[in-house]
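The values are calculated or read from the model by the stated rules, or taken from the named source; none is laboratory data. As the structure is a prediction and not an experimental result, all values here were calculated from the model. FYI the Cβ positions are ideal-geometry reconstructions off the backbone, even for glycines, and counts take in every protein chain you see. For the accessible areas, the whole protein counts, side chains as well, though only heavy atoms, and no ligand, DNA or RNA atoms are used. Shrake-Rupley method; radii C 1.70, N 1.55, O 1.52, S 1.80 Å.
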Amino acid sequence: MPSRTRRWAAATAAVCLAPALAVASAPGAAQAACTSPITVPVAASAQRADRTSVALGNTQTAFTPASGSIAWAPQAIGTDVVTRDAGTGADTVRKQMLLIYSATRDISQGPTATSSGARVSADSGATFTAAPSTVVGSALSEMGQLLDGQLLGVQFVINGGVTYSTDGSQQRADFPLILSLSRDKGKTWSRVQAKTGFTDSQLPAVLPVRKVSTLRGIRAAGRPIQMTNGTLVLPVYFNMWNGQKNANGSEQTIAFAAVLTAHPGFADGTINTAATWDFTLRPISASATVDFTETAVIERQDGLLLAVTRQDAAVQFLTYRLSSNEGATWTDYKQVSFADQAGCAVSGVYPQLAMMPSGQLLLGSGRPDNWLAVSTDATGTSWMLEQQTYWNAPVSGTWWYGSSGYTSLVPTGGTRLLQFADNCAAPNGGGVNGCASNLTFDHDRNYRIVDRQVGILPAGLGKIDLAGKLRHGTVTLDTDLTGVPPVGAVTPPTPYGSTPSAADATSTGYWSGAEGAIDGSNAYWAGALSSRADGTGTYQLNLDRTYHLTTIGLGLLPGVAAGARVSTSTDGTTWTPATLGYPAGSADPGETGLIRTAGDRALRYYTLNATAKYLRITTEASTCTTVGGPDACSMINELELYSTVNSFENEFAIPHGVSDVACARVTSVWGNGDPDHDSEHGVRLNDGTDTTYCDGSTTIGKFVYPGPGVSLPAAPARTLQAGIYPVTNTNGILFDINGVRASDHKAAVIYHLGINSGNRWMAWTSAGGWTGLGGAAVPLKSWTTFQVVSTTSGATLYTVDGAGQRTLIGTLPESEGVKGESFTGATFSSGSTLGIGDQAVFDDISFE
């Protein structure tokens with residue numbers, strides 16, 4: 001990868017701007033004055049269940065080059081791969097990742113065989129190995145995924161030889177574009193024929209010299225995308241001679257940002273490469289005196305094109321524009337601003353945009369450091385929750401040295417992504433290293449590529465793990481949305497390095513099980529597709545228990561007007577149209593249970609208030625002809641379901657929705673406990689010697705439900721239900737039912753119970769201490785569901801079997817001998833402050 005043309009200009013004054021856009025309020029104190037560069041918090045903001053939160057996970061090294069070699073400016077992409085376990089028959093969705101990095105100095109030069117390197121990962125970025133020799137990194141400076149699943153690679157120096165001609169009274173420039181395609185998820189690549197051409201009048205009018213003859217270079221400057229209507233969009237910037245020379249006689253240049261757009265068709269589900277792709281120049285931002293260069297583009301949920309562009313000044317900062325016509329025209333230029341620092345220029349280089357399956361828009365950039373921000377309203381006009389993710393700068397405060405700020409965002413699941421960064425920038429033309437030898441850095445002066453796990457947690461708790469429960473058979477599915485994509489599509493089951501075939505779509509059962517609708521991916525064909533000739537379909541979930549459903553997340557056929565009807569049932573026989581609340585951008589169509597959208601690009605969330613064991617979605621016919629599919633089709637691209645049962649499936653490390661957390665973390669139950677449990681995540685309480693949880697010798701492990709952002713008013717009757725998987729029980733595992741005393745109306749522990757070290761149920765009173773209750777012993781390393789029914793007249797403890805049948809354990813005495821007038825929550829804890837050895841996993845907690 002050749003030069004990224006870094007501009008190491010030191011900040012000399014604060015850069016502030018007049019507020020140019022309306023911004024939503026966000027947590028955090030507003031800054032009294034703008035700073036240059038802008039201040040981005042190091043610590044994550046407090047997580048609350050009633051709003052979007054950012055959670056930071058581990059940072060790991062993806063690649064360290066050999067001594068004396070360079071690695072910086074990472075660019076990565078992830079594609080869906082589905083594998084089937086030969087023993088269990090279960091399908092697993094992972095991301096096959098390709099990581100490209102620059103291995104050369106930061107100087108302007110053409111690509112060479114050694115100017116870039118590549119690494120691959122088959123496990124969603126957990127580990128990386130050397131890429132095969134078929135991956136030529138220098139041709140893959142930018143990578144994107146097309147609607148048919150193929151990968152599109154763009155060389156940094158995107159243009160071939162330029163041909164000049166006369167077009168009437170104007171000059172015209174024509175040249176080929178250096179693009180590559182991969183049909184095997186990045187293992188092998190082939191050139192695709194592409195070109196562009198433009199005349200003087202198609203250049204921005206503000207240029208000092210509006211002549212194609214002043215063209216001095218075109219550079220790929222952001223991830224290519226394909227819009228859901230099939231339009232290809234390539235972000236680029238142009239270096240143009242401004243008609244001036246410096247004192248040495250060298251030409252001075254000005255850069256403007258643009259996109260190149262083309263409309264290749266589809267045949268049998270694959271993009272047409274028989275004809276040369278002919279791209280049109282669409283300028284974004286230009287000036288007579290200021291450079292506009294690197295640009296990120298993305299198609300918003302409403303179909304508009306959002307472009308975020310680097311503008312060079314004393315400090316590089318970010319600007320944005322919107323287009324409703326594929327880049328032909330753009331809204332007025334505005335500067336990116338954080339909601340809690342309104343009016344302050346956001347400094348950064350090489351902006352990156354990503355859309356999570358949840359619809360949240362993310363913006364990543366750097367310099368200083370590397371950071372991430374969220375547009376919770378998915379417009380990209382307001383950004384909040386800004387958060388540093390990786391930093392390596394001189395401790396002296398010389399912030400423009402160290403990590404380059406060139407970063408890359410790769411979603412890995414419904415709420416998770418990896419953000420890639422470098423530790424040190426490469427030497428520039430003057431031979432100065434980004435990690436200069438005369439400075440001391442936060443980390444060190446070594447080249448390496450790192451990645452950081454990040455969770456983007458949407459508002460709300462209680463996501464049901466539909467995929468896990470389907471695979472374990474506790475939820476079943478009746479559906480005819482079992483169609484397969486057109487033969488030419490590179491479908492998710494296609495293994496890395498394999499060319500797709502007609503059998504790929506059914507080779508793992510991924511499609512016939514309609515699991516594409518619940519896999520956490522919003523890739524075009526990663527959904528449950530209609531099989532009926534008329535294009536309609538039915539998708540019925542038979543749940544494992546009766547739930548109080550609160551929200552349904554639904555994404556229908558991408559980018560095309562579509563509709564569906566949602567209904568619920570308690571018995572599977574009598575069905576009731578669901579009463580829905582509609583999100584912004586999805587109007588109420590006037591019929592109960594009906595959803596109509598102009599085209600989805602991610603999930604939309606509809607409020608739901610229903611007690612049900614069955615949920616049915618009936619899809620209306622639309623069309624897939626835009627991508628070479630059938631005339632009549634429908635799809636559930638992605639589906640999520642939420643209830644009042646907290647299953648911790650939308651969590652990351654420290655659970656939100658609970659408080660007073662100590663020695664407790666979200667854990668993968670399958671990978672670290674019980675592989676037969678029917679949902680992947682739970683909360684592990686570990687009061688022991690594992691310091692990633694706590695020092696158990698000085699702390700009692702605990703968490704309290706509910707926590708910040710959970711609306712749970714005091715009530716005269718509440719039922720606590722939870723699943724527990726005791727791992728070790730040395731001192732006991734305890735539970736409190738919290739409430740308000742009837743005697744003095746003060747907060748108190750109304751009932752105190754637990755499982756003793758002999759694995760028997762017990763209850764406590766201030767007068768008599770611990771007393772044994774009835775029932776069988778609670779087995780270790782096995783799931784037990786228990787229920788505490790609390791009312792103003794007393795409380796009763798039950799265990800609950802898989803069919804929902806209750807077994808009485810005993811009546812609970814009031815812990816202080818005083819009845820409660822209302823109940824407010826529950827506490828889960830280990831049995832001793834000083835003692836260690838208590839460990840249990842909890843899941844499916846409700847307090848209703």
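For this structure, a couple of remarks:
- Region 348-368, residues that are under 17 Å from Pro37 (Cα atoms) and out of contact with any Pro (no Cβ under 9 Å at 6 or more places or on another chain): Val349, Tyr350, Pro351, Gly366
- Within region 700-804, strands (runs of 3 or more DSSP E) holding 3 or more residues that are out of contact with any helix residue (DSSP H, G or I) (no Cβ under 8 Å at 6 or more places or on another chain), free of Cβ contacts under 8 Å to residues at least 40 places away in the same chain and closer than 26 Å to Asp687 by Cβ: 769-772
- Candidates Ile70, Ile77: the one that is surrounded by 20 or more Cβ atoms within 10 Å (Cβ to Cβ) and within 28 Å of the chain's Cα centre (by Cα) is Ile77.
- Residue within region 337-356 that is touching an Asp or Glu at 6+ places or on another chain (Cβ under 9 Å), of a type outside the set (Val, Ile, Thr) and part of a loop (DSSP other than H, G, I, E, B) present: no
- Residue match in region 185-196 (condition: under 24 Å from Tyr350 (Cβ atoms), open to solvent by 10 Å² or more (accessible area, probe 1.4 Å), modelled with pLDDT of 95 or more and hydrophobic (A, V, I, L, M, F, W, C)): yes
- Pairs where the first residue, in region 563-578, is more than 16 Å from Ser634 (Cβ to Cβ) and the second is assigned to a strand (DSSP E or B) and of a type in the set (D, E, K, R), C-beta under 6 Å, 6+ apart: Ser567/Arg616; Thr570/Lys613
- Residue in region 190-211 that is within 25 Å of Arg119 (Cα to Cα) and assigned to a loop (DSSP other than H, G, I, E, B) present: no
- Residue in region 460-471 that is among the hydrophobic types (A, V, I, L, M, F, W, C), assigned to a loop (DSSP other than H, G, I, E, B), in contact with a Ser or Thr (Cβ under 9 Å, 6 or more places away or on another chain) and open to solvent by 50 Å² or more (accessible area, probe 1.4 Å) present: no
- Complete set of residues in region 197-225 that are in contact with a strand residue (DSSP E or B) (Cβ under 8 Å, 6 or more places away or on another chain), open to solvent by 50 Å² or more (accessible area, probe 1.4 Å) and without any contact (Cβ under 8 Å) to a residue 40 or more places away in the chain: Ser201, Arg216
- When region 147-162 is limited to residues that are of a type in the set (A, V, I, L, M) and touching a Ser or Thr at 6+ places or on another chain (Cβ under 9 Å), the one that is nearest to Gly269 (Cα to Cα) turns out to be Leu147.
- Strands (runs of 3 or more DSSP E) completely within region 113-183 that count 1 or more residues being open to solvent by less than 10 Å² (accessible area, probe 1.4 Å) and either touching a residue at least 12 places away in the same chain (Cβ under 8 Å) or closer than 18 Å to Thr214 by Cα (or both): 116-121, 142-145, 151-159, 170-182
- Qualifying residue in region 282-291 (condition: touching a residue at least 12 places away in the same chain (Cβ under 8 Å), part of a strand (DSSP E or B), among the small types (Gly, Ala, Ser) and buried (at least 20 other Cβ atoms within 10 Å of the Cβ)): yes
- The residue list Ala328, Ala313, Ala342 contains one member that is more than 18 Å from the chain's Cα centre (by Cα), closer than 24 Å to Ser53 by Cα and open to solvent by 10 Å² or more (accessible area, probe 1.4 Å), which is Ala342.
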